[in-house]
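Beneath this line is the structure, given in structure tokens, with notes to follow.
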Amino acid sequence: MTEPLLSVRGLTVEFPTRRGVLTAVNNVSFDIMPGEVLGVVGESGAGKSMTGSAIIGLIERPGRIAAGEIRLQGERIDGISPSAMRTVRGRRIGMIFQDPLTSLNPLYRISDQIVETIRTHLPISLAEARRRAIGLLDDVGIPDAERRIDDYPHQFSGGMRQRVVIALALCAEPDLVIADEPTTALDVSVQAQIIDVMKRICADRGAAIMLITHDMGVIAETANRVAVLYAGRVVEIGPVRDVIKDARHPYSVGLMGAIPKLGGDAERLTQIPGSMPRLSAIPQGCAFNPRCERVFDRCRVERPEPIAVAPQREVACWLYDEPRSDGRAHA
Amino acid sequence: MLALIIRRLAQSVLVMLFVALIAFVMFRYVGDPIASMVGVETRIAEQEIMRDRLGLNDPVFMQFLRFIGNAVQGQFGISYRLQQPVSELIMSRLPATIELAFASATIALIGGVALGVFTALRQGSFATGAIMAASLVGVSLPTFLIGIALIYIFAVELGWLPSFGRGQVVELGWWRTGLLTESGLRSIILPAITLSLFQLTLIMRLVRAEMLEVMRTEYIRFARARGLSDKAINFGHALRNTLVPVITITGLQLGSVIAFAIVTETVFQWPGVGSLFITSVQVVDVPVMAAYLMFIAFVFVVINLIVDILYFAVDPRLRVDGGAAGK
Ligand SMILES: Nc1ncnc2c1ncn2[C@@H]1O[C@H](COP(=O)(O)OP(=O)(O)OP(=O)(O)O)[C@@H](O)[C@H]1O
Ligand code: SF4
Ligand SMILES: [Mg+2]
């Protein structure tokens, strides 16, 4: 098996506040293989963006990485010097934010922003950088790129701007792109196009994607594997097909909107009742226990860690802790 | 863009007309122009003749039109006190005021932007705390106190710099400059600093607030995520966006620098328009006062126009969408 491109181990992100320390990301571990698309889903506040920010070293103070390791091609990239981190950002890990309307500097031409980024990372001439920028804009589907490149951001529509953002994230040819809800702010009609463009252009360049989204549909169509986050933890991770067909964690089961296969009675779960606890009020034991239909005593006391349930699959739920890990025992 | 400029020009003309009305009312009704011009011993009949000759018996509207016509040609009558044309008086004093205003605006702008950027980037450091505290003092102390303190320290105690006047001046055509001689340059330092301090602290606080705001935006975060250097982010992306609002305020401040120059010019006995105004007020030399009012209004209007045009130069969003978005 090849070495992972990105390897996150025990990542914990904390926010010290007056009322105590809040843990936004709690002991999160996962790998991303070269060229792979890892989907990351979870409710609002689950810690998806925070995980992405931690990887690229952009957690805003007072937040901080309190524990864990982040390795890119085997090298630690957490806690390295700011100048070393700058050679990672943009060059080895590209980032796409949610809102293309605010991601681009309104006072700079598109050409300036792309050329500046390319020349920060690659030792090439201005003319060459410009040529590349035009090629890239062409690739992401900006019509008449040669002429449009000297326009300002406000002269593009939202969808076109997000294409520009994708071009910017990829212009120094990173190995990994972290896309944090890249289509949430866009018109429904262009969302699929943007995802397609991003997926195609990363595939062409062999770049892996960490795709953060609320939309299981997008993940189903795009990702190879999926990590489900709940209250700052990975509750389930595995190949997309398997997780969709056969979700194990009660939360993922609800998320997939599927008929629970674990329980004997086939009761439809369209939506999980209740809402995710606030960080300041995460219950003892399993964070999901107040909403879980299958909760039992142990869940209220001990916190479950990810347990391997099948090749490449882990679930953080006590239902799977026994040798007879069919989960039926406690149903 | 052209439409916008034309609209602004029209607005400017309206503003000037309004100020002219005030100046006219002052000119015409504060004191009696004839009584101020002639001695008390002149007989009533003679005064009446003068009144007629000067058109003071014409309908008020006609008088106002004439006032404007004259003002457009730069004629504001004769100073009661100095018996010289007001326009000549103002022109002879103008270079001193303009040099002082530009010197202090330059200090305020450079110092204000530099300190604003510094305190925004070094958020929470000791130096920032000290500068912010000092700036509070700068805003709250009256100008004349600062001027007197500077005179006391640098002129009286240390004896480094002159405490009054312009020093030696050189004639460049009608423009008399103090910027070409050593004594002239030394003389402008203290008044320029005094006049600049208030604007400097204002600009500094504005730049700092704007810069902190801009640093929180997504496009700065995205610039960081692309691995750009701190220098490119702070002084390219962030500062440029910060300057958009700073331009307006600074432009308007330049206007008030000229207006505020009254106090500084008085403290430093600087022979500019401001001190001319003060002495004119003391003897109710109404033509000079009216002309000064028009002059200050004109300065503000012109600066406003320039600021609008600068906006276009800096912010591309206004340029393309034209007049509609420029509103
Ligand atoms: N400055 C802060 N101080 C305290 N807590 C914070 C701060 N910033 C974020 N958090 C918390 O960190 C948690 C994780 O936030 P994050 O943005 O990663 O969520 P998310 O999964 O990306 O949600 P969304 O889908 O809404 O983007 C949230 O519960 C949030 O309240
Ligand atoms: S550990 Fe218990 S409460 Fe948590 S998800 Fe599993 S069954 Fe539900
Ligand atoms: Mg988020």
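Distance between the modelled labels on B:Val283 and B:Leu212, one decimal in nanometres: 5.2 nm (7 Å Cα→Cβ projection).
Partner shielding of A:97-108 amounts to 6, given as the average count of beta-carbon atoms from other chains within 10 Å of each residue beta-carbon.
The accessible area of B:Tyr311, taken with all protein chains in place and a 1.4 Å probe, comes to roughly 60 Å².
Give the accessible surface of chain B per residue, rounded to a whole number of Å², with probe radius 1.4 Å and ligands, DNA and RNA excluded.
50
The mean number of partner chain beta-carbon atoms within 10 angstrom of a residue's beta-carbon across peptide A:84-90 is 3. Take B:Trp175: with every protein chain present and a 1.4 Å probe, its accessible area is about 70 Å².
Amide H to amide H distances under 5 Å link A:Leu22 with A:Phe15, A:Thr17, where only residues 5 or more positions off or on other chains count and H is placed in the peptide plane.
Mind giving me the FRET efficiency for A:Ala127 and B:Gln73? R0 is 45 Å, r the Cβ-Cβ distance, nearest 0.05 is fine.
Numbers: r = 57 Å, r/R0 = 1.26.
Once rounded, the FRET efficiency stands at 0.20.
Is the range A:54-131 rounded, prolate or oblate when judged by the Cα gyration tensor, a ≥ b ≥ c being the square roots of its eigenvalues, rounded requiring a/c under 1.5 and prolate requiring a/b larger than b/c? It comes out oblate by the Cα gyration axes.
The share of accessible area on the range B:87-326 that comes from carbon and sulfur is 71 percent, using a 1.4 angstrom probe. Dividing the summed -39500 (n - 2.57) terms of all DSSP H runs of n ≥ 4 by the residue count of chain A sets its mean residue ellipticity at 222 nm at -8500 deg cm²/dmol.
Couplings 3J(HN,Hα) for the range A:157-167, derived from phi with the Karplus relation 6.51 cos²θ - 1.76 cosθ + 1.60 (θ = phi - 60°), are 6, x, x, 5, 5, 5, 5, 4, 4, 4, 4 Hz, where x marks Gly and Pro.
At a Cβ-Cβ separation cutoff of 4.7 angstrom, cysteine residues of the protein assembly as shown with no neighbouring cysteine are A:Cys171, A:Cys202, A:Cys292, A:Cys317.
If R0 is 22 Å, the Cβ-Cβ spacing of A:Ala66 and B:Ser125 corresponds to a FRET efficiency of close to 0.30.
Rounded to the nearest 20 Debye, what is the dipole magnitude of the range B:2-72 about its Cα centre when Lys and Arg each give +1 and Asp and Glu each give -1 at the C-beta?
Using only the charged Cβ atoms, the result is roughly 460 debye.
Subtracting the Cα-Cα distance of B:Val30 and B:Val170 from their residue separation scaled by 0.36 nm leaves 46.6 nm. Given a 1.4 Å probe and the protein chains as shown, B:Asp52 ends up with an accessible area of around 100 Å².
Computed packing ranks the peptides A:50-58, B:56-64 as A:50-58, B:56-64, most packed first, by mean other Cβ atoms within 10 Å.
Rolling a 1.4 angstrom probe over the range A:28-82 with all protein chains present gives an accessible area of which 49% lies on carbon and sulfur atoms.
With a ≥ b ≥ c the root eigenvalues of the C-alpha gyration tensor of the protein assembly as shown, is it rounded (a/c under 1.5), prolate (a/b larger than b/c) or oblate?
prolate
Need one word for the range A:176-246: rounded, prolate or oblate. Basis is the Cα gyration tensor (sqrt eigenvalues a ≥ b ≥ c); a/c below 1.5 gives rounded, then a/b vs b/c decides. It comes out prolate by the Cα gyration axes. Sorted largest first by accessible area at a 1.4 angstrom probe radius, with every protein chain in place, the residues A:Tyr320, B:Tyr152 fall in the order B:Tyr152, A:Tyr320.
Once the Cα-Cα distance is subtracted from the 0.36 nm per residue extended length, the B:Arg43 to B:Ile189 segment shows a gain of 47.4 nm.
Subtracting the Cα-Cα distance of B:Leu21 and B:Val139 from 0.36 nm times their residue separation leaves 39.1 nm of extension gain.
Add +1 for every Lys or Arg and -1 for every Asp or Glu among the other residues with Cβ under 13 Å from the Cβ of A:Val115, and state the total.
+2
Each residue of the range B:198-206 was assigned a 3J(HN,Hα) from its phi angle through the Karplus curve 6.51 cos²θ - 1.76 cosθ + 1.60 (θ = phi - 60°); the sequence is 4, 5, 4, 5, 4, 4, 4, 5, 5 Hz, with glycine and proline shown as x.
The accessible-area ordering, largest first, of the residues A:Lys245, B:Lys231 stands as B:Lys231, A:Lys245, per a 1.4 angstrom probe. For the protein assembly as shown, the Cβ-based charge dipole about the Cα centre amounts to some 500 debye (Lys, Arg positive; Asp, Glu negative; other atoms uncharged).
Across the range B:260-270, computed HN-Hα scalar couplings (Karplus, 6.51 cos²θ - 1.76 cosθ + 1.60, θ = phi - 60°) run 5, 4, 3, 5, 4, 4, 5, 4, 9, 6, 7 Hz from first to last residue, x flagging Gly and Pro. For the residues A:Arg241, A:Arg248, A:Arg130, a 1.4 Å probe over the protein chains yields an accessible-area ranking, largest first, of A:Arg241, A:Arg130, A:Arg248.
For A:Lys199, a cut-off of 16 angstrom between C-alpha atoms picks up these aspartates and glutamates, skipping any fewer than 8 places away in its own chain: A:Glu36, A:Asp138, A:Asp139, A:Glu173, A:Asp175, A:Asp180, A:Glu181, A:Asp215, A:Glu221. Helical content of chain B, expressed as a calculated mean residue ellipticity at 222 nm, amounts to -24500 deg cm²/dmol (DSSP H runs of 4 or more residues, -39,500 (n - 2.57) each, divided by residue number, nearest 500).
Candidates A:Pro311, B:Phe260, A:Gly42 compared by Cα position along the dipole of the protein assembly as shown: farthest toward the positive end lies A:Pro311, with charges placed on Cβ.
Pairing chain B with chain A buries about 2400 Å² of accessible area. This figure sums both sides and uses a 1.4 Å probe. The mean number of partner chain beta-carbon atoms within 10 angstrom of a residue's beta-carbon across peptide B:225-238 is 6. Scoring A:74-85, A:23-34 by mean Cβ neighbours within 10 Å over their residues and listing the highest first yields A:23-34, A:74-85. Amide H contacts of A:Leu186: none lie under 5 Å away among residues 5 or more positions distant or on a separate chain (H built 1.01 Å from N in the peptide plane; Pro and chain starts excluded).
The values are calculated or read from the model by the stated rules, or taken from the named source; none is laboratory data. Keep in mind it's a predicted model, so treat the numbers as computed, not measured. Reconstructed Cβ throughout: ideal geometry from the backbone, glycine too, with neighbour counts over all protein chains shown. These accessible areas exclude ligands, DNA and RNA; they are computed on the full protein's heavy atoms, side chains included. Shrake-Rupley method; radii C 1.70, N 1.55, O 1.52, S 1.80 Å.
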